[in-house]
Structures are given as structure tokens and as C-alpha cells.
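The values are calculated or read from the model by the stated rules, or taken from the named source; none is laboratory data. Only a predicted model underlies this, so the values are computations on that prediction, with no experimental measurement involved. Reconstructed Cβ throughout: ideal geometry from the backbone, glycine too, with neighbour counts over all protein chains shown.
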Amino acid sequence: MKTTNRVLSVGVAIVLIAFVLFLAFSAAAPGFSATLSALLAATSTPPPGDPIPLKPIEDLTSLNATVVIDVNGLINGERAQGDLNAVLTTNDQGKSKATVTGSLLGEIAAQVGGSLVGLFTPSSVDLYKVPEGNYIVINSLIPVCVKPKAAKSTAALDDMSPQSLLSMLTSSEVARGVLIGDETLNGVPVKHYVLNGEAFLAAAQKSRDLKLRAFSKALWSAEDADLYVDAKGGYPVAFRGNYSGEYEPLKFEGDFAVQTQLTGVNTNTPVNLPAACNKPISP
């Protein structure tokens with residue numbers, strides 16, 4: 001964080017120097033001032049782009065998807081650099097399974113499962129959402145199944161799921177960008193758009209979606225993002241963006257990147273609880 005402060009200090013100094021020079025040139029050459037003002041007005045606010053026609057992924061009966069979150073900053077005030085990877089499966093029976101791996105798994109597992117889960121060092125964590133409730137399976141030497149008493153205990157994983165992130169980051173309120181062209185992504189014809197980062201923040205901070213508004217208000221900055229839309233179906237299939245700020249689900253602050261992608265549409269993959277959940281632990 002010292003590096004960040006140093007960079008901010010340098011940035012402030014540069015802005016002050018530029019402002020003083022601007023005043024000096026204004027006094028000496030009014031024509032130059034007018035020209036410079038026009039240039040600044042033309043470049044300071046990037047164009048937001050056109051609305052992107054999208055069909056919401058909520059209309060899909062089932063899907064398979066992935067998300068990768070890379071972070072470099074602080075988690076709960078402690079230095080953290082690493083990643084989280086999630087693979088999601090949903091079907092038309094109201095069942096879903098999310099498998100989470102990555103170097104930061106221990107951090108999020110303890111937040112989701114509480115002190116009991118924090119005692120384990122899992123290789124992966126599975127979150128099942130079925131009509132009977134939510135279950136967390138900690139895959140270590142011996143799989144342990146936990147059934148949380150409070151549904152909100154899995155909220156952190158829910159917010160980081162591919163479905164949730166893709167829906168939030170491509171909502172109609174912020175889906176504005178410039179069409180780059182027609183491409184192919186993993187064998188699927190797609191339209192590639194670039195979303196302006198500043199325009200995304202401005203729109204998201206006024207969003208009616210409480211999660212999107214909270215997400216954007218916790219950000220310090222957002223870079224331009226890449227959005228890939230299925231050329232035939234019109235739904236988003238991939239999103240890649242880089243951000244700086246706070247990310248509440250991870251109790252994180254710093255720089256983080258989000259990459260999420262649909263890997264299967266309307267596949268209706270079966271989801272079944274493992275044997276370990278026949279007798280789950282209820283903390």
C-alpha cells in the first residue's frame with residue numbers, strides 16, 4: 001500500500017504542475033488556452049458507447065460456467081495475492097453446484113463455512129443449492145459436508161458465482177460499448193464489444209440494482225472491459241475486466257481481475273448431493 005500512496009502522491013504532484021503551467025499559458029496566450037481547453041474537453045470524458053443488445057442469461061434453462069478472480073492487495077487487512085476459480089452447473093430442476101479452487105480458497109472457505117470450516121485446509125469446496133437447502137462440502141483428506149443453518153452464510157460464494165457476476169456486469173444499465181467485430185470464442189461465433197470503464201462506473205453508481213450499485217461505489221477505478229456476445233442467441237458468453245477498489249465478498253481491497261465465461265448452455269447437467277451429505281454437520 002506504500003507503493004500505492006507513492007503513486008498517488010506523484011499523480012497529485014503532476015496534476016498540480018499541469019495546473020500551474022495551464023494558468024501560465026492562459027495568461028500569456030489566450031488562444032492557446034482556448035485550444036487546450038477544447039482538447040481537454042474532448043478527451044477527459046471517453047464516449048460511453050452504444051447500448052449493447054443482450055438477452056439476460058436468466059432466460060437460459062440451465063448452464064455451465066466458469067469464473068476466475070485474481071487479486072493483489074489486502075484481505076481482512078492482511079497482504080494477499082492469488083486467485084479463486086469457480087465452476088458452476090445449474091439445471092432446470094432448481095439445483096446447482098459450484099466447485100471452488102485456488103490459492104485463496106482457505107480465506108473464502110472460512111468466511112462461508114465459519115470457524116468449523118476454517119479448521120480444514122481444503123483442496124476444493126463444493127457449494128450445492130438444492131430444494132432441500134444449501135450444503136457445503138469441504139474436500140480434504142476426507143470429504144466433510146456442512147449444512148449451514150442460515151441461508152445467508154453462502155452469500156459470499158453466491159456473489160462470486162459466474163452466473164451472478166455475468167448478470168451483474170452485463171446488466172442493461174451498464175451494457176454500453178463499442179463493437180470491435182465478429183470473432184470466434186471456443187468455437188462459438190461471437191460479437192466482441194469493449195465497455196468503457198469510466199462510463200461503466202458512472203452508470204453502475206446510479207443503478208437500481210443494489211448489488212451493482214454497492215459493487216461500483218466500492219471501486220476506485222475500472223478499466224475498459226471485453227464483452228463477448230453469442231452471435232446467434234444474443235446472450236453474454238464471456239466477460240473480462242480489471243478493477244481497483246474494495247470487493248466485499250472477499251473482504252478485499254486492492255487490484256482485482258474478473259474473467260467469467262459460459263461453457264455450456266441448456267445442457268441440463270444432473271446435480272446430486274454426495275454421500276457425505278447423508279449425515280451433514282450443522283454448525
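Go through region 160-203 residue by residue and tally those that are in a loop (DSSP other than H, G, I, E, B) and either crowded, with 18+ Cβ neighbours inside 10 Å or not charged (D, E, K, R) (or both).
10
With the checklist (1) in contact with a helix residue (DSSP H, G or I) (Cβ under 7 Å, 6 or more places away or on another chain); (2) at pLDDT below 95; (3) within 22 Å of ASP83 (Cβ to Cβ) in hand, flag the one item ALA222 doesn't pass.
Result: ALA222 fails condition (2) only.
Within region 74-96, can one find any residue that is crowded, with 22+ Cβ neighbours inside 10 Å, modelled with pLDDT of 85 or more and farther than 26 Å from LEU227 by Cβ?
Within region 74-96, not a single residue is crowded, with 22+ Cβ neighbours inside 10 Å, modelled with pLDDT of 85 or more and farther than 26 Å from LEU227 by Cβ.
Of LYS211, LYS191, LYS206, which residue is basic (Lys, Arg) and closer than 16 Å to TYR228 by Cβ?
Just one listed residue meets the conditions, LYS191.
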